[in-house]
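Okay, structure first, notes after.
The values are calculated or read from the model by the stated rules, or taken from the named source; none is laboratory data. Given the structure is predicted, the values throughout are model-derived calculations rather than measurements. Every residue, glycine among them, receives a Cβ derived from its backbone with ideal geometry; neighbour counts consider all protein chains shown. SASA here: full protein model, heavy atoms, side chains in, ligands and nucleic acids out. Shrake-Rupley method; radii C 1.70, N 1.55, O 1.52, S 1.80 Å.
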Amino acid sequence: MDEEGELIGGLSAWTWGGLLGIEMLWVREESRRDGWGSRLLSAAEEAARERGCDRACVSSFTFQAPAFYQGHGYVETGRTLGIPGGAEDVHMFKSLSG
């Protein structure tokens with residue numbers, strides 16, 4: 001939250017069987033260059049490790065943030081084609097161990 005108590009961003013995820021699944025990571029537009037996304041992602045990965053997870057997965061449309069996740073060590077594992085507007089859904093994976 002910022003000084004006025006307004007949300008800056010958030011992250012929704014799940015863990016199951018040693019896997020962290022990130023469903024949504026959101027940072028309001030005017031705060032996107034302030035490192036909030038990286039902090040949220042790092043916190044989710046650390047919480048997953050504390051729960052015994054050793055890997056993570058996420059998907060992001062090509063018009064959203066695949067490069068953000070790739071910059072944090074996620075590797076593309078596949079794509080879903082045919083998303084409206086000519087976009088693709090990029091599926092990514094990251095090892096949380098070592």
Query raised in the report: Which GluC sites (Glu not before Pro) from the range 49-94 combine a DSSP loop assignment with at most 11 other Cβ atoms within 10 Å?
Result: none
Query raised in the report: How many angstrom lie between the C-alpha centres of the range 1-24 and the range 34-98?
Result: 13 Å
**Report entry** Mean residue ellipticity (222 nm) of the chain, computed from DSSP H runs ≥ 4 via -39,500 (n - 2.57), nearest 500
**Finding:** -6000 deg cm²/dmol
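Protein chains only, probe 1.4 Å: how do MET1, MET92 rank by accessible area, largest first?
Values: MET1 145, MET92 5 Å².
Reading off the accessible areas and sorting them downward yields MET1, MET92.
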Query raised in the report: Under the Karplus relation 6.51 cos²θ - 1.76 cosθ + 1.60, θ = phi - 60°, what is the ordered set of whole-Hz ³J(HN,Hα) values for the range 39-52, x standing for Gly and Pro?
Result: 5, 5, 5, 4, 5, 5, 5, 5, 4, 5, 4, 4, 8, x
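I'd like to check one number: the per residue accessible area of the chain, probe 1.4 Å, reported in Å² as a whole number. Walk me through the numbers before you get to the answer.
Values: 6240 Å² over 98 residues.
Solvent-accessible surface per residue comes out at 64 Å².
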Query raised in the report: Can you pull the percent of the chain's accessible area that's carbon plus sulfur, 1.4 Å probe, other chains left in place?
Result: 52 percent
Query raised in the report: How much of ARG32 can a 1.4 Å solvent probe reach, expressed as accessible area in Å² and rounded to 10?
Result: 130 Å²
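Hand me the chymotrypsin sites (Phe, Trp or Tyr not before Pro) from the range 36-98 located in a DSSP loop with no more than 15 other Cβ atoms within 10 Å, in residue order please.
On the way: sites: TRP36, PHE61, PHE63, PHE68, TYR69, TYR74, PHE93; in loops: PHE63, TYR74.
Counting only loop positions with at most 15 other Cβ atoms within 10 Å, the chymotrypsin sites (Phe, Trp or Tyr not before Pro) in the range 36-98 are PHE63.
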Report task. Taking the Cβ of LEU20 as the centre, find all other residues whose Cβ is under 15 Å away and add up their charges (Lys, Arg: +1; Asp, Glu: -1). Result -> -1
